[in-house]
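One structure below.
Just so you know, all these numbers are worked out from the coordinates, no wet-lab data involved. The model shown is predicted, which means the values in this text are computed figures rather than measured ones. Note: ideal-geometry Cβ built from the backbone for every residue, glycine included; neighbour counts use all protein chains shown.
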Amino acid sequence: MQRRRFLSLGACALPASLLSTSLIPAHAQAAPAREASPDAAQGWRTFELTTQVDLPAGNGNGNGPANVWLPVAASPSGGYQRALGARWEAPGANAELRTVRGASGIGVPMLAVAWPDAAAQAPRTVTLVNTFATRDRHVDLAQPPSANAPRESPEVLRQYLRPTALQPTDGLVRETAEKITRGEKGDVEKARAIYQWIVENCRREGSVRGCGTGDVRYMLTTGDLAGKCADINALFTALARSVGIPARDAYGVRVATSNHGFNSLGKAGDVTRAQHCRAEFYAAGYGWVPVDPADVRKVVLEEVPGGLPVDDLRVRAARAMLFGQWEMNWVAFNHGADVPLPGARSAQDSTVPFLMYPNGEVARAQLDSLNPDTFRYRMTAREISA
């Protein structure tokens with residue numbers, strides 16, 4: 001990769017933006033009319049993300065009812081992502097778009113699909129197509145705060161200060177954050193200090209299943225700061241919240257290769273295993289600010305065979321870019337935590353830490369959402385030309 005290419009990564013000047021908790025409204029099973037595609041001249045790109053699930057007639061423990069819960073792209077208030085519609089087919093099932101809320105009250109959109117006992121003798125299939133548009137984000141933190149920056153309501157900001165089951169904000173979490181941010185003035189500089197500390201002290205661990213669990217207390221108590229995006233970015237979110245900075249995770253999936261030249265930060269076509277969690281924090285005068293320390297560590301580990309040192313030019317470019325910028329070759333599903341799965345019948349806990357993967361159950365037994373081969377689901381993404 002040419003040095004000039006990396007030095008240009010921070011030169012983007014897209015408007016700051018905000019992913020709200022507004023969601024696609026529920027509708028009947030028939031596909032809605034598609035909205036007009038956003039203007040490509042303004043940097044918008046349009047994608048289709050197709051998720052197909054094929055359940056067997058039984059799971060080896062006898063036939064029975066089946067349920068599937070699929071994440072759905074969020075509908076933003078503007079700025080970097082627009083949901084343009086969702087359509088699905090689920091023969092023999094009851095299927096509807098639902099918005100569920102965990103303990104924090106944050107809405108999570110999903111397609112909930114249920115097959116009754118009578119359908120257990122036949123294969124069960126659901127196909128969901130999400131259509132959405134994205135454009136790159138850049139919040140220029142070199143500029144002074146602006147009175148015209150996007151604002152969030154106090155009620156919403158309070159939601160993103162609350163602890164979750166895996167992201168406490170007291171005890172060792174708060175002690176760690178206070179040490180990291182000691183002497184820093186203002187939320188931007190405190191968030192920057194947390195971001196830099198995570199990049200320096202965490203590492204990506206390829207053996208972790210899926211995107212990790214985001215168990216912040218475990219990471220700090222054991223001193224094992226290795227994991228994947230749901231671990232590393234959850235650590236950022238919990239540390240920021242613990243010192244009074246509203247912060248949130250954004251759960252989604254990559255849908256295209258990187259236009260910034262990073263081999264490890266994109267995926268197109270078959271994206272079944274391309275889920276990715278990001279993070280944001282809120283600063284008055286700037287709005288929601290995108291960050292992604294986990295992807296910096298991904299560049300360290302996976303950009304080239306054998307990995308890269310932290311001071312490599314490519315890592316330095318990613319590190320500078322990912323505090324205040326997101327390349328939107330990725331779609332956000334939701335910000336929710338401790339998400340209940342409506343209608344679940346399995347004996348296990350029906351609440352999941354986050355909804356980023358397809359979830360399901362057959363004959364009251366949970367399916368392994370991190371094993372698409374045995375769960376039998378596939379996700380594919382394609383860009384739609386204007």
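Pairs of Cα atoms nearer than 8 Å and 6+ residues apart set the relative contact order; for the range 143-244 it is 37 percent.
Ranking Gly287, Gly324, Thr257 by Cα position along the charge dipole of the range 229-333, where only Lys, Arg, Asp and Glu carry charges on their C-beta atoms, puts Gly287 farthest toward the positive end.
Between the residues Val199, Leu111, Gln52, the greatest Cα displacement towards the positive end of the dipole of the chain, with unit charges on the Cβ of Lys, Arg, Asp and Glu, is found for Val199.
Kirkwood's formula applied to the C-alpha pairs of the range 341-386 gives a hydrodynamic radius of 12.4 angstrom. Taken about its Cα centre, the range 209-264 carries a charge dipole of about 120 debye when Lys and Arg each add +1 at the Cβ and Asp and Glu each add -1 at the Cβ. Across the range 370-376, coupling constants 3J(HN,Hα) worked out from phi with the 6.51/-1.76/1.60 Karplus curve, θ = phi - 60°, read 8, 10, x, 6, 8, 5, 6 Hz, and Gly and Pro carry x. Our coupling estimate for the range 235-246, obtained by passing each phi through the Karplus curve with A = 6.51, B = -1.76, C = 1.60 and θ = phi - 60°, is 4, 4, 4, 5, 5, 5, 4, 5, 10, x, 9, x Hz, Gly and Pro reported as x. Less than 5 angstrom separates the built amide H of Gly244 from none of the residues sequence-distant by 5 or more or on a different chain. Hey, can you grab everything whose amide H is under 5 Å from the amide H of His276? Only 5+ residues off in sequence or another chain; H modelled, so Pro and N-termini drop out. Placed amide hydrogens put Gly252, Val253, Arg254 under 5 Å from His276. Per-residue ellipticity at 222 nm, computed for the chain from helices alone with -39500 (n - 2.57) per DSSP H run of at least four residues, works out to -6000 deg cm²/dmol. Here the Kirkwood formula puts the hydrodynamic radius of the chain at 21.3 Å, using every distinct Cα pair. Calculate the tail of P(r) for the range 100-155: the fraction of all Cα-Cα distances greater than 15 Å, expressed in %. Tail of the P(r) past 15 Å holds 77 percent of the pairs. Taking 26 Å as the limit for the C-alpha separation, the pairs Lys190/Lys298; Lys185/Lys298; Lys228/Lys267; Lys179/Lys267 exceed it in the case of Lys185/Lys298; Lys179/Lys267.
Stick to Cα atoms and the Kirkwood definition of Rh, then tell me Rg/Rh for the range 148-204.
Working: Rg = 13.4 Å, Rh = 13.3 Å.
Ratio of gyration radius to Kirkwood radius: 1.01.
Near Gly324, the amide H atoms lying under 5 Å from its own belong to Val291, Asp292; only residues 5 or more places off or on other chains count, and H is placed 1.01 Å from N.
Taking the Cα centre of the chain as origin and assigning +1 to Lys and Arg Cβ atoms and -1 to Asp and Glu Cβ atoms, the resulting dipole is close to 440 debye. As a rough footprinting exposure proxy, the listed residues Ser346, Ser104, Ser153 were ranked by other beta carbons within 10 Å of their own, and the order from fewest upward is Ser153, Ser346, Ser104.
The angle between the Cα long axis of helix 293-302 and the main principal axis of the chain comes to about 80°, on a 0 to 90 degree scale. When Rg and the Kirkwood Rh are both derived from Cα coordinates, the Rg/Rh ratio for the range 101-239 amounts to 1.06. Think of the chain as having a plus end and a minus end, set by charges on the Cβ of Lys, Arg, Asp and Glu; of Val129, Ala177, Ser146, Ser146 sits farthest toward the positive end of this dipole.
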